[in-house]
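One structure is given below, encoded as structure tokens.
Only the coordinates and a few stated rules stand behind these numbers; no lab work does. Remember, predicted model here, so these are calculated numbers, not experimental data. Positions of Cβ are backbone-derived with ideal geometry, glycine not excepted, and every protein chain shown enters the neighbour counts.
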Amino acid sequence: MSPSLTDTFPTDWSYISEGGANIVFVYQGPPNPFFDGTALRLRKRKRAAIDEEKEGREILSIEYQKQCLQRLIPLEHLPRLELVVVGPDHDAEAWLRALAAECEPHRALERKETDCIDVVQPRALLATNLVGGGGIAVEIKPKWGFLPCPTYLSDATRPIKTQTCRFCMHSHLKAQQGQMVCAAYCPLDLFSGDESRIKTALNGLWDAWIESDGIINNFKVFVRGRKIVPEQRSSIVGVVNDIADAKEALTSALLPVLLSTPVLRTLARLQRTLDALDIEGLASLCDLSAIGADAEPTVADALPPPRPPTQRTCGTTSSHTPLSATFKDCSVIVRVPDGTATLIDLDPKSIERLRKWERLDREIVAAYAAVPVRKRKACVHTGAE
Ligand SMILES: [Zn+2]
């Protein structure tokens with residue numbers, strides 16, 4: 001029988017990071033063949049939550065990885081995922097409450113205000129701890145690495161969307177709203193396969209990390225298993241090379257891995273081929289809006305049917321969880337000196353999420369349409385596979 005989490009102490013798990021839906025811990029307890037080298041991913045719940053659908057999300061993630069992702073991405077670039085039982089009913093909640101209390105001081109204030117660990121979940125996801133060990137691990141959320149295919153775009157948005165990538169337009173909107181952005185980072189640089197452009201992308205991510213004091217969510221740095229904040233950046237020096245400048249030490253270590261790994265290429269190809277339509281084209285074809293109250297006329301009749309290889313290759317799961325959305329929202333963990341790159345957070349996305357993206361997409365493009373043409377950013381897609 002597999003061990004459960006209650007066989008360990010909550011204090012054996014140390015908080016490492018969190019995203020919108022999940023919070024991650026790594027095992028640092030006494031030697032344990034089952035938990036050594038693992039990371040634990042737990043679901044969070046909104047403080048003001050009305051009961052949302054959540055049962056079985058972990059099972060779905062595992063099935064999704066097995067049935068879909070492993071056919072598209074070589075296993076060596078995916079983390080090992082396993083379901084783990086929290087514990088017997090009466091102990092599980094107490095265990096999770098203790099863990100929640102333990103990690104609270106390490107969490108960012110904005111996070112603490114919006115959500116907390118869901119203490120009634122029966123199971124959690126156990127994954128390979130990719131940020132541990134003696135070297136450096138960097139987590140990059142690359143976002144959308146392509147410009148949409150012009151065919152399905154409207155006349156109004158085509159000139160905008162085929163020149164400036166979604167990420168750069170979104171950065172513009174966020175900056176207007178007073179948010180911290182990665183202004184100098186363009187995903188198309190990271191995905192270009194070109195050394196100097198990848199370097200530009202890494203410099204952009206690093207600079208935004210420093211300027212935002214580590215707040216931006218596209219770039220996280222772990223040194224010898226611990227997440228560092230920008231003021232601790234000197235701890236990078238000497239770990240993987242003799243370069244005295246932290247930025248230079250890190251970027252020059254990451255660069256050869258990003259140049260040689262097939263992961264970015266694969267990711268860009270999957271994003272592009274699974275969603276050549278762009279969300280706008282997808283909405284017009286699949287009538288996303290008809291699912292909700294904000295219905296709009298669609299032009300589905302005038303267009304050929306979408307050719308989602310997603311639904312054919314992956315069975316029922318993907319009809320509710322467009323694969324392209326998964327690949328646009330995942331992260332890659334690059335480890336040096338190991339030289340590995342692994343994709344994480346490849347979760348199925350709900351149709352509700354897709355509809356939210358569609359609304360956001362309209363807002364992003366509308367805001368960018370107001371930028372004078374000569375001031376619009378030209379994001380370069382090299383066509384490198
Ligand atoms: Zn761009």
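What relative contact order, as a whole-number percentage, does segment 63-189 give when Cα pairs under 8 Å and 6 or more residues apart are counted?
Reported relative contact order: 22 percent.
In a Debye calculation with equal point scatterers on the alpha-carbon sites of segment 87-151 and no solvent, what is log10 I(q)/I(0) at q = 0.16, 0.21, 0.22 Å⁻¹?
Evaluating at q = 0.16, 0.21, 0.22 Å⁻¹ gives log10 I(q)/I(0) of -0.85, -1.06, -1.09.
Which listed residue (ILE23, ALA48, GLN70) has the Cα farthest towards the positive end of the charge dipole for segment 5-129, taking +1 on Lys and Arg C-beta and -1 on Asp and Glu C-beta about the Cα centre?
Highest projection toward the positive end goes to GLN70.
Using θ = phi - 60° and the Karplus relation 6.51 cos²θ - 1.76 cosθ + 1.60, list the HN-Hα couplings for segment 107-116 in order, rounded to whole Hz, with x at every Gly or Pro.
8, 5, 4, 4, 5, 4, 5, 8, 8, 7
Determine the equivalent ellipsoid of segment 68-119 by diagonalising the alpha-carbon gyration tensor, then write out the semi-axes as square roots of 5 times the eigenvalues, largest first, rounded to whole Å.
Ellipsoid semi-axes (Å, largest first): 30, 19, 9.
So what J values fall out for segment 30-39 if you push phi through Karplus, 6.51 cos²θ - 1.76 cosθ + 1.60 with θ = phi - 60°, rounded to Hz, Gly and Pro as x?
Once θ is set to phi - 60°, the couplings for segment 30-39 become x, x, 8, x, 7, 9, 4, x, 10, 10 Hz.
Using each residue's phi in segment 144-154, evaluate 6.51 cos²θ - 1.76 cosθ + 1.60 at θ = phi - 60° and report the 3J(HN,Hα) Karplus result to the nearest Hz, with x for Gly and Pro.
6, x, 8, 9, x, 5, x, 3, 9, 8, 6
What's the whole-number percent of alpha carbon pairs in segment 5-129 lying beyond 25 angstrom?
24
List the residues whose amide H sits under 5 Å from the amide H of THR128, counting only those 5 or more places along or on another chain, with H placed 1.01 Å from N in the peptide plane.
Under 5 Å from the amide H of THR128: ALA39, ARG80.
What is the set of long-range amide H partners of ASN241 at a cut-off below 5 Å, with H atoms built 1.01 Å from backbone N?
Hits under the 5 Å cutoff: none.
Taking amide H positions as placed in the peptide plane 1.01 Å from N, state which residues far from VAL86 in sequence (5 or more) or on other chains have amide H under 5 Å from it.
Residues meeting the amide H criterion: LEU5, ARG123, ALA124.
Taking every pair of distinct Cα atoms and averaging 1/r, then inverting, what Kirkwood hydrodynamic radius in Å comes out for segment 158-232?
13.4
Over the Cα atoms of segment 57-175, what radius of gyration and what Dmax do you get, in Å?
Calculated on Cα positions, Rg and Dmax stand at 20.4, 60 Å.
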